[in-house]
Structures are given as structure tokens and as C-alpha cells.
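The values are calculated or read from the model by the stated rules, or taken from the named source; none is laboratory data. Just so we're clear, the structure is a prediction, and the values are computed from it rather than from any experiment. Don't worry about glycine lacking a Cβ; one is built from the backbone with ideal geometry, like all the others, and counts go over all protein chains shown.
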Amino acid sequence: MAQMPVRPTEPVPPPPAATRRGGRGRRRREDVAGYVFLSPWLLGLMGITAIPMVLSLYLSFTDYSPLIDVGEAEWIGLDNYREMFTADPSYWHAVRVTVTFALVAVPLKLAAALGVALLLNRAFKGIAFFRGMFYLPSLLGGSVAVAIVWRSMFNREGAVNSFLGFFGIEGAPWVNDPQWALETLMLLAIWQFGAPMVIFLAGLKQVPAELYEAAAVDGAGAWRQFTHITLPMLSPVIFFNLVLETIHGFQGFTSAFVLSGGTGGPVDSTLMYTLHLYNKGFVELNMGYASAMAWVFLLVVGLITVVLFNTGKFWVHYSDNEER
Amino acid sequence: MEPITRGVTPAQRTSSRHRTRRRLLAAALTLPLLVGAAACGGDDEGGSSGDKVELSIFWWGAEKRAELTEKALDLYTAKHPNVTFKKTWQANQGYFDKLATLTAGGNAPDIFQMDDNYLSEYAERNVTLDLKPYADEGKLDITKISKGLIDYGTVDGKLAGLSMGENTQGLVYDKTLLAKHKLPEPKTGMSWEDFISWAATVSKTAKVPGTQDPSAVYQALWVYLRQNGKDLYNGKTLAFDEADITKWFQLWKGAREAGATPTPDVIHEGNATDISKQLVVTGKAGTSWVWVNQMPELKKNTESELGVIAYPGDTSAQWARGSMYFSAFRGTEHKDTVIDVLNFLANDPEAGKILGTDRGLPPNLEVRKTVAETVTDPAMKQTIAVQDELSKLFGPTSPGVPPSGHSKVKTELVRIAEEVQYGRQTPEQGAAAFVTAAKAAIGQS
């Protein structure tokens, strides 16, 4: 997972009093206590994340199948990686599908989240109710049930087409149409904008009201206030949401799996990277290849995150910095 | 992945050479699974008769199958009180994912249901116990099971699975729909062309597409190939070429143009493996391409009367397929008990009566006769009658077990046939793509 940029926001406070008072022995005891408290998490990290990750790196250089012992897997060097880049057309297709998905769904989801957050950042009667209602879809989040509902809504006979029928529009078979299946999936992702919306809302609450008052006195209209106050003040939060949602977008799996019945169909139109990976590993039982895919994926998503962090310098505005 | 909460298997101990490595993998790859499985405790007791033995058994299917299988296993426990079962079952989708994960963790069930998609894969990887020595010793009686079914469970000379049902292709049609519009019923032995023009008539008269487009249905392609003197596989190579597939795709392109089949998005819906999505039961087509043993499940999903005949063309190209197997895990602690249970499920007349034709016709011919005489379930009765009728028309040869990679060949056929259906590829392009993909899938250079 990505971390928030570490920036000096305030002068570093003097070290906590404990070190000055207690000396070394006490400090060591506290270290031990700290690790003891950490241990449940640490064991989980090692057992469930770190060790399997290292193992999967090894497996990515083998022809491992889940049906054999790890020790029986044959070392095949870079063959998996070579096949991926040169001999598996579905691989590049999956990359295209995933990048398209992320490029369209992530900005639109953030825009929707910001728009709704702006609407809900007011005081009127029943505001809590509306906030709850808008957040609801993301509580249902990656859930299988929502994807199933989506599938029946966006069918030829689904609710969406019945609705369009009122206006004399004949809809497509959406999820069963290779031209629209991915768009339907994007729409599902965008609809679940609740999590970034709540974060935006929290960010909006932090913007000092006097800035707006001052701007209003200077004659700035609503749009100017938005572009010159709201957006800059909100940019760290936008950045945070952008990083998280980008990673999230690349990892989309559940809805694609459910909408296509696990195949990525029709005709591979929803073959997300993770879905191709899953099918390679668990359906074709080619776990070595799937591991290689996972590592390339990790590196690429990591790289994209680094690039995002670097562009952040140019547009993310930390108000505290400029005071110095 | 969901963790397994219903305990599936106590840890199976493999040979000590592999133990450490299995453990390492188990810990690393499937820790969440193990947490569930470990809660059930490990049983290390020996397998000698008289001791308490608990066998794990895993299958896929609907509720009906679960009910029947549990009843048959309870009967075994009643006869052998020291043997109990840890039964786990689930729907077909995801079954093989889970089985592979369990196997990776060294926790494969003692007995598990298989089909011909994966039998070669599991047998070649030595996951399954070779049943042949037990048959030779007489511990497992296969003398009353037809040779075709035994051959269809044999991979590289090893009996990798004991067939639990005999089955054949069935073309299911909606009798109610045809009667309503006074249309003739299709007949076994129709040519493909006659069938397609019949389907086009149905579309015109009944305003429901006459038939699901089977160009993505592998068993329909398989029958078609055999009718043309070819086959799907010859051992571990393809037994067809581009020209055959081009002809097949062209046949159905013509059918779509003649209005005999639904629009591509509806065909796509019907290509889902789920029985309840078959177009003949969702009312979106007059006929669907299935297996005869699926009749009871299909009936459960529709109000309409259903009829079933052979696929079009020369019926001698059809064969008695072993629809499902029970295989034993090679690393099981209780080999003799497992063999005895398999023997019981396949050969015991009472067990046979309980299981009926849910997995296909009972493999043991004597049991099959008793079941045919005593069965009361009307859908099962129909299955038996139809299969009896069809089996008289089978040719002398039947194909062997498909090679490793068969399941991938199936998904590639669906993908490429759909490309052709949506008009994104011509039949020629599709055929070339499919031959390349199928060769890659089975590792043929």
C-alpha cells in the first residue's frame, strides 16, 4: 500500500520525555513491550503476507502447479516472464482492459465523490440522512450481491432497459454486449464513490471559513472561490484519494468476476488483469505463471504510485509549507 | 478467497520426504484455509479395520445430489459403524479452484468427485490414487462395469477415477412451446441442415429462436467432428484441423443468418455452464445442448414439458461418456477403507437405488437394471428410457479421456466462437485462432 507523503509540517517536537527520564533500560523494556503489542499484527504480516510473497517470487521462476509439491516445481528461469510479454495475447489484452478501466473509472469516481461532497458540505435539515444514503453503495462495496444485482439490471430485459423504454430508447444488452460490458463495470465502480466522498467531506470541513469570507469581500464568485480556495486547500486530500483509488482501480476483481461468471467475457471484454491472473493460477493451474503476473503487477502499480507522488510536487498544496 | 469454515479435511500426511515441503507450502499459500481445517484437528490413527476412521469426501452438485449422496454414505456408516464421513459439497463453479487449493495445502479430501476436464491433470500430477491394483486384487469390483467407462477413467494405464455415471449428449427441446404453436418435434437422426431449417421455422412461428447456437458447446463440436471422421483429440494431440472448425463456424453463421438462433448476447447468456441459465429453461430458445443426466435439474427450472433426443446427424458418433468420477487421494491414510467405500458406491444395489441416475446411469450394469425397474422419480425414469434408446445407436468406438489442458480448450472455444458470433471474426479467422489456442492449451507444438 502507498503511504502518505511525509512532509515536515511543523517543527519537530522535542523527543518524548520518557527517554530523558528513564534512560536506556527503560527504553529497551518499552521496546519489548511495543513489539509484544505489535506481535499479533507482525505474525499476521509474516505468515499471511510476507512469507507467501517471497515464496511467490520463487514460484514465478518455476512451472509450479498447485497439484504438486513446491519442491517438485521445475526452475524455468525467466520463461514465465518471457511468455507473458511475447507469447500470451490475452495478457496484453488484459493490460489494455485494466488500464482503460482505471483511466476512465478513477477520475470519474473522484469527480463524483467531490461533487457529492460539495453538495453535502452544507447545513440543512436531514443532512445526516443524505450523507448516509450516498455512502451506502460503498458499504455494499466489493460485495458479490451488488454485482449480481448489477448483472440483472443491465441485461437486455433488465430494469435499466425498461426505464429507457419509457423514453422510446432501445438499450443495449449491456453486460452481454462486448461493446458495453466494460462500461457497465466502470459505472458500478463509479457508483461506489462513498469512501472518497467521506474523505473529501472531512477535507472540506478543514478549509477555514474566513478564506471564503475574505474572498467574497474581494468580490470572488463561487467558481473563483472553488478554483482558488477549495481546490488548492483540498489538494492533499485529492492526492490521497487519487493514490488510493488508482491502486484500487487496478486491483478490480470481484465485480468483473461476478459479472462475467469468472470468464472475463463476453469475448474477454471484461478480462481485468487480476481476473486473468486468477484464471491462470486456479483454472489452468499454472501457478508459476500467475505468480510472475502478480509480481509484474506489483512492480507496475508501485511504479505508478511513485510517479503520482512525484507529480504531486507540482500540484499538491500544503498550506503549512508556505508559511515558512 | 473465502476461508473454509466447514471443515473439509484433517491434514493428510504424505510421505515424510515431502512432508516438510508440503508443510511449508501449506503454511505459506493457504494459511487462511488451514486455520479452518486445523480447527478440525488432525487424525493420525492407523487405517486397520475396526479402528474409528473418518473419511473426508468432497463433491459438487445441487441439493438433490447432496441429499442422495449423504443418504448413501449414511448407509455405509450403518453397515460399518467405525467409518464416518466428513461431507463437503458445493456448486460446480469454484469447485475445482477449491480442490486445487486444498491439494496445494496437502489437504486433498480422501475421496473427491472429478470430471473429464481435470482427470488427466490430476492423474498426471499423481494426486489421484491408482485404483487398478485394487481392482486386480479384487478389492474393487469393476467386472460389472462396461469397459468403455473404465477406459474413460484410465490415464496413462492408471485407473485414476471410478466412473459414477454413464451419460450421453442430449438435445433438449421445449415440448410445451412446440405444441402451443402446432410445430413438429425434432427427431433423432435429423441432419444438421434439416435441424437448422426446423429451428428457423420455430423462430418464425413461435417468435422464440428455435435453438441455442451450439458453436461454443464443445460436446456438440465433438460429435460433429466424429461424424466427419475426425475427433477432438488423438491422445495428446488435436484430431481436427482448421478446415473442420471453419465448416463448423460457417454452419452456425448460416443458422444465425437464417434466424434459427438467438442474438449473440442471448447466446452468450446460454453459454454459461449453470444449468438454470440454459436457454430452453429460461424460455429464450426452443432447444439447448446438454447431457442427458441433466434432465431432472433442467425440469426443476421450467414449467414447460421437456423432450430430449440425440444431437443431429449420425448418432453412431455419440458415445457413453463417464460423466463423473470419484477419485481417491494418493496421500490418504486409509487406502483400504477408501477403496471399500468406492466399491460400495459403485456396486452395492441399495446404494445404487439411493443414488439413482443423478450422476448418470449407474455404472454397474446389474445395479442399473434394478434401478431401472424400481425408480420412481419421473425425470430419472425419462433419463433412463432415453439413454437406453440412444445407447442402441452408439457406434463401436468411444473417445479416451481428454488430455491435460482440456478445460482451457473449452474456454478458448467459448471465447473464439463468441468472437465469431458477435461478428468480430470471420469463421476462417476464428478457426485459425482456435486451432492455435487449443494446441497451446494442451501443449502440442
Could you tell me which numbered condition residue A:315 fails, if it satisfies all but one of (1) surrounded by 13 or more Cβ atoms within 10 Å (Cβ to Cβ); (2) touching a residue at least 60 places away in the same chain (Cβ under 8 Å)?
-> (1)
Can you tell me which residue among A:135, A:91 is in a helix (DSSP H, G or I), in contact with a helix residue (DSSP H, G or I) (Cβ under 7 Å, 6 or more places away or on another chain), of a type in the set (Phe, Trp, Tyr) and modelled with pLDDT of 90 or more?
-> A:91
Filter segment B:233-283 for residues that are of a type in the set (D, E, K, R) and either within 14 Å of chain A (Cβ to nearest Cβ) or within 16 Å of residue B:418 (Cβ to Cβ) (or both) and give the result.
-> B:253, B:256, B:265, B:269, B:274, B:277
If you go through B:189, B:106, B:170, the only one that is away from every other protein chain (no Cβ under 14 Å), modelled with pLDDT under 95 and in a loop (DSSP other than H, G, I, E, B) is B:189
Restricting attention to helices (runs of 4 or more DSSP H) lying wholly within segment A:206-324, give those where 3 or more residues are within 14 Å of another protein chain (Cβ to nearest Cβ).
-> A:254-259, A:273-278, A:287-315
From B:374, B:397, B:370, B:411, which residue is hydroxyl-bearing (Ser, Thr, Tyr), out of contact with any Ser or Thr (no Cβ under 6 Å at 6 or more places or on another chain) and within 14 Å of another protein chain (Cβ to nearest Cβ)?
-> B:411
Mind checking which residues of segment B:164-180 are hydrophobic (A, V, I, L, M, F, W, C) and more than 18 Å from residue B:394 (Cα to Cα)?
-> B:164, B:172, B:177, B:178, B:179
In this structure, is residue B:384 more than 20 Å from residue B:310 (Cβ to Cβ), not assigned by TED's automatic domain parsing to the domain that holds residue B:300 and not charged (D, E, K, R)?
-> no
Out of the residues in segment B:264-279 that are of a type outside the set (Gly, Ala, Ser) and free of Cβ contacts under 8 Å to residues at least 24 places away in the same chain, which is surrounded by the most Cβ atoms within 10 Å (Cβ to Cβ)?
-> B:269
Going by the conditions given, is residue B:151 modelled with pLDDT under 95 and over 19 Å from the mean Cα position of the chain (by Cα)?
-> no
Identify all residues within segment B:55-69 that are assigned to a helix (DSSP H, G or I) and touching a Phe, Trp or Tyr at 6+ places or on another chain (Cβ under 6 Å); write none if there are none.
-> B:66
Residue list for segment B:197-223, restricted to those being of a type in the set (Val, Ile, Thr), surrounded by 21 or more Cβ atoms within 10 Å (Cβ to Cβ) and not in a helix (DSSP H, G or I) | B:211, B:217
Read through the list (1) under 30 Å from residue B:92 (Cβ atoms); (2) surrounded by fewer than 16 Cβ atoms within 10 Å (Cβ to Cβ), then give the number of the only condition that residue A:216 fails.
-> (1)
Residue check for residue A:287: aliphatic (A, V, I, L, M), buried (at least 22 other Cβ atoms within 10 Å of the Cβ), modelled with pLDDT of 90 or more and in contact with a Lys or Arg (Cβ under 9 Å, 6 or more places away or on another chain) | yes
Sole exception among (1) among the aliphatic types (A, V, I, L, M); (2) over 20 Å from residue B:74 (Cα atoms); (3) in contact (Cβ under 8 Å) with a residue 12 or more places away in the chain for residue B:339, by number | (2)
Candidates A:34, A:115 - the one that is more than 14 Å from chain B (Cβ to nearest Cβ), farther than 29 Å from residue A:276 by Cα, within 22 Å of the chain's Cα centre (by Cα) and free of Cβ contacts under 8 Å to residues at least 12 places away in the same chain | A:115
Residue list for segment A:96-128, filter: assigned to a helix (DSSP H, G or I), surrounded by 15 or more Cβ atoms within 10 Å (Cβ to Cβ) and of a type outside the set (A, V, I, L, M, F, W, C) | A:98, A:107, A:109
Screening B:201, B:188, B:176 for residues that are among the β-branched types (Val, Ile, Thr) and touching a strand residue (DSSP E or B) at 6+ places or on another chain (Cβ under 8 Å) leaves only B:188
Is there a residue in segment B:140-148 that is farther than 30 Å from residue A:74 by Cα and assigned to a helix (DSSP H, G or I)?
-> yes
